[in-house]
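Below: the structure, in structure tokens.
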Amino acid sequence: MTDTAYVPPKVWTHKPDGGRYAATNRPIAGATQEKELPVGRHPLQLYSLATPNGVKVTIMLEELLALGHRGAEYDAWPIKINEGDQFGSGFVAVNPNSKIPALLDRSESKPVRVFESGSILVYLAEKFGALLPTERAARAECLSWLFWQMGSTPYVGGGFGHFYAYAQEKIEYAINRFAMETKRQLDVLDRRLAESEYVAGPQYTIADIAIWPWYGGLAQFNQYGGGEFLSVQDYKNLQRWTTQVGQRLAVKRGRKVNRLSGDPADQLHERHDASDFDTKTQDKLAAKS
Ligand SMILES: N[C@@H](CCC(=O)N[C@@H](CS)C(=O)NCC(=O)O)C(=O)O
């Protein structure tokens with residue numbers, strides 16, 4: 001311990017830290033501004049962004065459409081979380097937790113709001129009878145892995161990603177603690193994928209859809225710039241599965257929806273029709289103008 005070690009005061013008070021999310025993070029919930037959400041013509045309205053949590057839902061919707069479920073047609077609207085869109089009154093009405101993704105199903109007699117990406121995956125799987133096994137043991141395995149992802153990933157994003165990539169100060173203790181936990185989780189998956197083609201068994205399910213954007217992101221998309229640091233190439237089974245899932249058309253499409261940065265060919269800011277992938281990605285729009 002040094003003389004400058006932090007001593008917590010008796011009562012915590014909010015002091016913005018100037019870090020990457022200082023402008024949006026705050027210790028209270030609720031709306032800060034009146035702002036309605038846009039509504040398109042499809043039954044499902046998605047308010048999201050192409051972060052790993054957002055991509056889970058767009059992959060799911062594209063998979064459902066690929067399976068022929070026309071009722072899964074959707075309008076996807078970008079929510080700019082670094083500009084505070086998640087604190088608008090319309091968004092808060094769909095998700096009181098002010099985080100993307102949030103879904104409004106307008107095809108039911110009264111619109112149904114669904115928030116939390118895991119909950120959205122289960123809702124859609126049940127609504128369309130797809131990608132979630134119905135046999136009790138297979139369903140339990142699938143939901144176990146889905147909940148594993150929901151419970152484990154905050155240590156990766158809020159822990160490793162935050163302290164390794166976003167925090168202004170590199171704190172060795174915090175980086176070590178969360179790198180160890182992240183590597184433990186990568187090993188959990190690697191061992192599972194040594195014995196099973198997909199995460200929950202021989203079939204591709206919502207467990208794969210939930211896990212791929214996060215752990216596939218670490219394995220092959222250099223999430224948080226931490227690929228080399230975490231030696232992700234060593235997780236051979238995870239690498240095999242990441243490649244296999246990444247080759248699915250629905251996964252390729254889902255990754256592009258509501259993506260607002262990166263390669264212009266991978267950015268489809270709003271999605272209202274399947275043809276948008278061919279005509280409205282940022283590279284295509286730039287070529288037209
Ligand atoms: N457990 C939630 C987490 C959602 C979440 O953390 N969303 C982030 C983006 S990936 C967000 O909206 N952050 C904005 C904020 O914290 O203000 C889920 O899986 O849906």
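Every read-out reported here was derived from the displayed coordinates using simple, explicitly stated rules and does not represent laboratory data. Here the structure is a predicted model, which means the values were calculated and not measured. Please note: Cβ atoms are built from the backbone with ideal geometry, for glycine as well, and neighbour counts cover all protein chains shown.
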Taking the C-alpha atoms of the stretch 215-289, convex hull volume expressed per residue in Å³: 94
Volume in Å³ per residue [convex hull over Cα atoms, computed for the stretch 136-253]: 95
Where labels lie 7 Å past Cα in the beta-carbon direction, separation of Val112 and Lys252 in nm: 3.2
Rel. contact order, % - alpha carbon contacts under 8 angstrom, at least six apart, the stretch 136-253: 26
Inter-site label distance for Arg70 and Glu34 at 7 Å from Cα along Cβ, in nm: 4.0
Ordering of 120-131, 105-116 by packing [mean C-beta count within 10 Å, highest first]: 120-131, 105-116
Integer Hz, Karplus 6.51/-1.76/1.60 couplings in order for the stretch 129-138, x for Gly and Pro: x, 8, 6, 9, x, 9, 5, 4, 5, 5
Modelled FRET efficiency - R0 25 Å, His14 with Ala165, Cβ distances, 0.05 increments: 0.60
The chain: C-alpha pair distances exceeding 22 Å, %: 62
